[in-house]
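Contents: one structure, followed by commentary.
What follows is calculated from the coordinates using simple rules that are stated; it is not laboratory data. Given the structure is predicted, the values throughout are model-derived calculations rather than measurements. Neighbour counts are summed over all protein chains in view; Cβ atoms, including those assigned to glycine, are modelled from backbone coordinates with ideal geometry.
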């Protein structure tokens, strides 16, 4: 048995199921081990950002680490943007990166680079293996780090001789630390603040956005008059049907601050204190009112489900009951725009759908429309690194083959990682992409206007406009083997989307929005 | 004047002409400055790897720094792979990366990351600006670092308040250090070794691969019986017509070692000692024979043109004469394969073409066929980070609008940065892409066989085969606005390529090779 096989055996024992891979020469022993040690499904991405974004989507839905297999520093670098999002989503991921043989590094061959320096900004743990005898145990450590609740990114660099040289066998598993329990004093302090405040709010993130925790939070809100708010970009939010509605904090800082203006106690549950997404001239980072009390019930790393349950007990709030589902929007008609698009999706999406929202400005109206949709899971762009939606949908579909996945996807963002469509076609994944084609970086046009540049010059226009030439998404999707069509009316969207939901397999619908 | 405008004015004074950009909110003051301070052309890439690869191609042909404008850590990360290639090519590039306002960084907003850690592995110089008053002078330093011959990558991180706050004005230029002169002792030592050796060879890289230097090297070779060899992947090699032919060192280390087996003195001119591209089991990093003398006439950073001229003088070698151009290959016929593809291109390419070779296994036969082509420039994949060809061709076309650019491009590699086609369409660039479609990572299939895995299992097959489904390159190119067609015979390639060379503007020809 060589080091690569010892690693794979350890991975299979740990429960690894999928490896999102784009390997090269330095990873070939690990590629061969994927055959000699059965149990881990190899899924090829044509670009590393597809692999890391898929690992994020898989991890959010499956709750256990996905593996990635990437080629040296430059290959890994292509995966960094979506690992940045995964880190912000607190997704468990183990990156395996091949490197030159230990004895070859000193030669500074063309592909040599400082992989650790590249990996650190997106990894909770980075380690370069030193010998084949240690590769399996290094993996066991990486898996334990990644599995630490709610989840972390661990990066293991494996020089190729550590993969091909002999190893004794798989390593013993390393236990990962359980999520820390919130102590009674914090529960008591939160009770006190909630009781004292006149306009409290719970600000929810991480595992507080799962179904049971949301119901508990709703009981607490009902008993205390607190508002229920969640992060602007939740990693995973259960929604629809009888789940309580949660307000999403607006994106722009002035709107977010306005939303929080009346709050006098903000209780953080599985979330950090919200801050402005960007800093602006004459603005600040802080969003809650200066005199609002910020109370941390639990950090994202702590056990926020138990903390919520204990808080409910302490408040003697009633057991959570189902909330009444609001009515779905009317059968949408009228011109095709982000509002009608959101309404059509919300009215047609099937029970149990997973909606990956990288719709940017085109996706905004969907969130409110979907409050009344059947039970579904909502995955957002956590880290702001665009090009996340199509890969994330790909990974979610692999994690949950029995659920319909919808990618609500902005066109500008899709262009960073559109190669994900090929993986969807190859794996026959049940993903419907609603490609919102406004042929612009609309958010930047809005930001220019907000910055007082109401009439951008030629350079600013050329750097925010994508209409010359217009990207033909039907052609691109077809080129990758995904059946596609274009709609330019609300009626056509409704019939095309309905037909896509009635079938299985990948589909792309280019929604003409501009 | 704000910091961004002061920077742009400094850039215009320095001679900056082009900024390959994919900006976001944190770079908007610099975007606005591209309008308020005329002189720098903004070229949009839909993916950052397009911007950095184009900057590399531009820099190789123009000999002065290109600017890139990229969005925070994740946006920059998408550009790292091609900056890795640019670093290995020693291309002058100044990266401008926006960051959060200095006062916003402590909030750890979603897009915050350690940009310096990401930038260091590909940059000779990394600096984070501290105030708007310093932004222009920081840029002047970056430009000087980048301009240090033969060229370097300099990365300047510009927090958004350093862009929008007031500045006094443009900064004074900083002189860049000239390339070090090779001293007389080295010339004398090289003369001695060349005279003593029975089978010497000159190993050429960097500026020793320009036309005048090649002619000088040919005189030296004629006078001493030395072979002329060059790096396997030269950043820029002048070729064809009456230029002396230079052997390219083979890629696989056993073949490279065999090529060097008889050499008893290897004189390095603008090149480092060649090493194996990858380490293999039971192999070594070193390529020249153990007892061969390695003589450094000049490093890539030193003035190798002057060193060659001095060496020629010291050897009393005759002034360089034109070498006799060999005959072009026969009008190629027969089945379409890499050999006939290479021969067709070599026979049809126009005078002055710039050939960007990321053909990988499909591109190998072209190099020898083109020895007899009209004078042209050859740009190779210097750092092994794939996805370089289409962006590099884009940048080369912007640097040299009067020359025909040919991208000899492998399909697997093209899939990393195919968004470059859109920039070619938008800018109307005169680039013909020969898309070599063998629908596999053929090099990995070869490497598996070399590693003794003659019958790869299902995972290894799935990770090296791209045929299910086949990517339709005509559809992809059309989707990006580039006219495209597919050829599956040598005859069809000849007529289609001939027609493409007779016109201007971007074209893609999918060459069916498997």
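Panel note: the C-alpha atoms of segment A:54-131, placed on their principal axes, show extents of 42, 24, 18 Å (largest first). In terms of packing, defined here as the mean over residues of other Cβ atoms within 10 angstrom, the peptides A:131-140, A:263-272 line up highest first as A:263-272, A:131-140.
For segment B:244-400, the mean projected area of the C-alpha convex hull, equal to one quarter of the hull surface, is 12.2 nm². Each of the peptides B:291-304, B:47-60, A:398-411 was scored by the mean count of other Cβ atoms within 10 Å over its residues; in descending order, highest first, they stand as B:47-60, A:398-411, B:291-304. Projecting 7 Å from Cα along the Cα-to-Cβ direction, the label point of residue B:225 sits 10.2 nm from its equivalents in the other copies, listed shortest first. Using the 7 Å Cα-to-Cβ label point, sort the distances from residue A:333 to its equivalents in the other copies shortest first and give them in nm to one decimal. Here residue A:333 shows inter-copy label distances of 6.9 nm. Where both residues lie in the protein assembly as shown, what percent of DSSP beta bridges are antiparallel, nearest 5? Here the share of antiparallel DSSP bridges comes out near 10 percent. Scaling against 2.2 N^0.38 Å puts the C-alpha radius of gyration of segment A:39-183 at 1.03. Apply 1/(1 + (r/R0)^6) to the Cβ-Cβ distance of residue A:314 and residue A:402, taking R0 = 51 Å, and write down the FRET efficiency to the nearest 0.05. According to the calculation, E is roughly 0.85. This ranking places A:164, B:473 by how few other beta-carbon atoms lie within 10 Å of each, fewest first, which gives A:164, B:473. Our compactness index for segment B:122-161, the C-alpha radius of gyration over the empirical 2.2 N^0.38 Å, is 1.15. Neighbour counts of C-beta atoms inside 10 Å place A:143, B:218 in the sequence B:218, A:143, starting with the fewest. Equivalent ellipsoid of the protein assembly as shown: semi-axes from √(5λ) of the C-alpha gyration tensor, largest first, are 50, 30, 29 Å.
Using only Cα atoms, what is the ratio of the radius of gyration of chain A to 2.2 N^0.38 Å? Working it through for chain A, the quotient is 1.00.
Diffusion coefficient (Stokes-Einstein, Kirkwood radius over C-alpha pairs, 37 °C, 0.692 mPa s) for segment A:373-514: 205 µm²/s, rounded to a whole number. Each label was represented as a point 7 Å from its Cα along the Cα-to-Cβ direction; for residue A:222 and residue B:251 these points are 6.7 nm apart. Sorted shortest first, the distances from the residue A:188 label point to those of the same residue in the other copies are 8.8 nm; each point sits 7 Å from Cα along Cα-to-Cβ. Each label point was placed 7 Å from the Cα along the Cα-to-Cβ direction; for residue B:281 and residue A:196 their separation is 6.9 nm. A viscosity of 0.692 mPa s and a temperature of 37 °C, combined with the Kirkwood radius over Cα pairs in Stokes-Einstein, give a translational diffusion coefficient for segment A:375-417 of 298 µm²/s. Between residue A:189 and residue B:166, the simple label model (points 7 Å from Cα in the Cβ direction) yields a spacing of 4.4 nm. Shown for B:446, A:453, B:157: other C-beta atoms within 10 Å of each C-beta, ranked fewest to most, produce the order B:446, A:453, B:157. The alpha carbon centroids of segment A:82-122 and segment B:461-507 are separated by 34 Å. Considering helices alone, the calculated mean residue ellipticity of chain B at 222 nm is -11500 deg cm²/dmol, with DSSP H runs of length four and up weighted by -39500 (n - 2.57) and normalised per residue. Based on Cα atoms of segment B:119-192, Rg over Rh with Rh as the Kirkwood radius reads 1.22.
Separation of segment A:332-392 and segment B:215-231, taken as the distance between their Cα centroids, equals 65 angstrom. Placing one equal scatterer on every Cα of segment A:395-441 and applying the Debye formula, the log10 ratio I(q)/I(0) at q = 0.33 Å⁻¹ is -1.25. Size descriptor for segment B:101-228, Kirkwood hydrodynamic radius: 18.7 Å (Cα pairs only, one decimal).
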